[in-house]
1. A:Leu92 versus (1) more than 20 Å from the chain's Cα centre (by Cα); (2) closer than 30 Å to A:Ala239 by Cα; (3) hydrophobic (A, V, I, L, M, F, W, C): which is the lone unmet condition?
2. With a cut-off of at least 1 residues that are at pLDDT 95 or above, more than 14 Å from chain B (Cβ to nearest Cβ) and open to solvent by 10 Å² or more (accessible area, probe 1.4 Å), name the helices (runs of 4 or more DSSP H) lying wholly within the range A:74-171.
3. In the range A:38-47, what residues are open to solvent by 10 Å² or more (accessible area, probe 1.4 Å) and in contact with a helix residue (DSSP H, G or I) (Cβ under 9 Å, 6 or more places away or on another chain)?
4. May I ask you to say which residue of A:Gly231, A:Gly283, A:Gly241 is modelled with pLDDT under 90 and away from every other protein chain (no Cβ under 14 Å)?
5. For the range B:210-224, what are the residues that are open to solvent by 50 Å² or more (accessible area, probe 1.4 Å) and within 16 Å of the chain's Cα centre (by Cα)?
6. Answer with yes or no whether B:Gln50 is within 14 Å of chain A (Cβ to nearest Cβ), open to solvent by 40 Å² or more (accessible area, probe 1.4 Å) and touching a residue at least 60 places away in the same chain (Cβ under 8 Å).
7. Scan the range B:169-184 and give yes if some residue there is open to solvent by 40 Å² or more (accessible area, probe 1.4 Å), at pLDDT below 95 and outside any helix (DSSP H, G or I), otherwise no.
8. Taking the range A:414-441 on its own, how many of its residues are assigned to a helix (DSSP H, G or I), of a type in the set (Phe, Trp, Tyr) and open to solvent by less than 50 Å² (accessible area, probe 1.4 Å)?
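The values are calculated or read from the model by the stated rules, or taken from the named source; none is laboratory data. As the structure is a computational prediction, the values presented were derived from the model and not from experiment. Reconstructed Cβ throughout: ideal geometry from the backbone, glycine too, with neighbour counts over all protein chains shown. Keep in mind that these areas ignore ligands, DNA and RNA; they rest on the heavy atoms of the full protein, side chains included. Shrake-Rupley method; radii C 1.70, N 1.55, O 1.52, S 1.80 Å.
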Amino acid sequence: MTDPFGTATTSWGRVSHARSRVAEPAHLDELAHAFRAGDVHALAHGMGRSYGDVCLNGGGHLLRTARLDRIIAADWSTGVVRAEAGLTVGGLLSVCVPRGWFVPVTPGTKFVTLGGAVANDVHGKNHHGMGTVGCHVRALGLMRGDGETLEIGPGSRPHLFAATVGGLGLTGLIAWVEIQLQPVSSSDFEAQTLRLPDLDGFFRTAEDSHDWPYTVAWVDCLAAGRRLGRGLFNRGRHASGGPLVPHGEKARLKVPRDAPSALLGPLTVRLFNAAYSRQPAGGAAARVPYGKFLYPLDGITDWNKLYGGRGFFQHQSVVPMAAAPRALQKLLELTSAEGQGSFLVVLKLFGPRASPGILSFPREGATFALDLPNRGPGTLRLLDRMAEVVLAAGGRLYPAKDATMTAEQFRAGFPRWREVESYRDPAISSDFWRRVTGDTA
Amino acid sequence: MSSQIPAAAAPGPGAGKTVLVLGATSAIANAYARQRAAAGARLVLVGRQQARLDAIAADLRARGAGDVATVATDLADMADAEPRFAGMIARLGTPDEVLLAYGVLGEQAAAQDSAEETRRLIDVNFTSAALWLQLAAKALTEPQLMADGRSRTLVVIGSVAGDRGRQSNYVYGAAKAGLDAFAEGLAHRLHGTNVKVVTVKPGFVDTPMTAHLDRSGPLWAKPEAIAGAIDRAVAKGQRIVYAPWFWRPIMTAVRFAPRPLFYKTKL
């Protein structure tokens, strides 16, 4: 038996922990009941794939949504699906792909719930064309602490909707999501990998790739000097014609226990070097299943354990385009000098399509993401220095990935945060929100 | 927004089948119904709460079910069972499969202190279940059905807890053991006909029924895995299936453990 008032919960980075009373409602009426029953502040928790503490609520009530995974209505002639908030992107894909529909936007894992995706307003490799997931949400069911469930959307209570998209679950419990899917004629991707000699190469290739809806770059963050920014550029598009086969359900590998973190650096270095030198300068496009192109890490269950028992941090930031070349160079110089990174940096250019979300992270510019194994104070110092580079360039950090930003850094990156606070449901709070707003509720 | 006929329903083992699900809100039944729905099956969902059945029915329709009907009734209530059962199978016709999936785990400690709770656990898990099974067997063995040569299946969700009485849950275990014996007798009776009886014995399953337990160990399975095991057992016409498979050797060891040794355990 677990202590009903103290189930320990962690998130994907395994550096943030909290004890909460946990409920696992299996029906929407149970969700409402559990929410009302709480005498302490509540927070919805999906798959726990955010990296820090946006999904944690120490001393409060944690309402897990994973069992709320039903499709409420689906119109397969228009691709409009309304589903309970706990349905995962993977669960939706396995139903919609055979019918010729695909999620409009997906993060790098399909193990996220729709509710979590909206609450964090997630983006993917196609941000430059499709924006965030919030751009494709038609309506939300929002369960409020006062017992009401509101139907909100871009045209219905638009301000509350704007506070809810990317609103980190604070404006009410997202009970269901109605989303517009995109049509596809194949479950395959045409994918191409190009070699990037340096950071300039990244910007040039990204600019040249406007007709590729999906792009991302992996960059060697240990390379210094002339080779700073050396990497691989992946781009892809939905193939036209062919099979409509959903991903397989079975993971290929599972990390059984914490790996000694010392292994990870040299291992990824070797893998990357092998991939880099094997890669022809201008690779031909290959046809691959969407799972291979979009979710390469989903095949390894619990890959976060590769970073060892102390967990890891992720820095993900975005800086405006004008400041991007200089800021990215500074960030790469920092990580290269420290030699602390997991070796691979993910770079991508975000496009101009604005999200309706007030607290939405993406904006037009360049985003930079890097995993850092937790090695104590040195790692925290590096994260802080990287945050300062980003803020000086007019950028911001991604709450869904963050475990360390200060209240000042948050407010500098998200100057409109008070608007979301004004829409916050008083029955809801999170560890993240208390940390960055200084609220001790 | 309306729910439309899906563009694609892959033909599969459930295609064209009609399935009666007794206890449709159970997590295992829900996972099984989704697999059948994806193959285009028609389903009758029986459970206590209409709103929940409606939500499950909408989900199954979106996933490709040919037709879904719901019957809100308390299966633990044994009054007027015959007309109620007739009402269930009248909805979409005599089913090809009946899945008996409802049950209540209860608390052993509470049952030890209360004759009422003991009776409740046995009534829900055994007495009422036996009665619905009897009626289902009767419906599936109507003479004109016996002659049509079409394969039909009664699926009973048992439990590894029924394999040996144990101090930690012998009330629930005894009810499931009774169900086991009932299903075995039914299988014996129907041997050589086109009706098969499959008993599925899950071990630890990650469902709301077990939400209060620590589910981090390697013995825990997801409802989807149990549903997959049921599907394979039905396809092969297996009589008794442990799900996942490793419970068979585990329970063999438990069954044959000598008493002096067994009574020292906290099992």
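1. Failed condition: (1).
2. Helices (runs of 4 or more DSSP H) meeting the threshold: A:114-119, A:127-130, A:158-164.
3. Within the range A:38-47, A:Ala44, A:Gly46, A:Met47 meet the criteria.
4. A:Gly283
5. If the condition is that a residue be open to solvent by 50 Å² or more (accessible area, probe 1.4 Å) and within 16 Å of the chain's Cα centre (by Cα), then B:Lys222, B:Glu224 are the ones that fit.
6. Criteria not met by B:Gln50.
7. No, the range B:169-184 contains no residue that is open to solvent by 40 Å² or more (accessible area, probe 1.4 Å), at pLDDT below 95 and outside any helix (DSSP H, G or I).
8. Let us first name the residues in the range A:414-441 that are assigned to a helix (DSSP H, G or I), namely A:417-423, A:431-437.
Checking the rest, the ones that are also of a type in the set (Phe, Trp, Tyr) come to A:417, A:423, A:432-433.
Subsequent filtering for residues that are open to solvent by less than 50 Å² (accessible area, probe 1.4 Å) retains A:417, A:432-433.
Matching residues across the range A:414-441 total 3.
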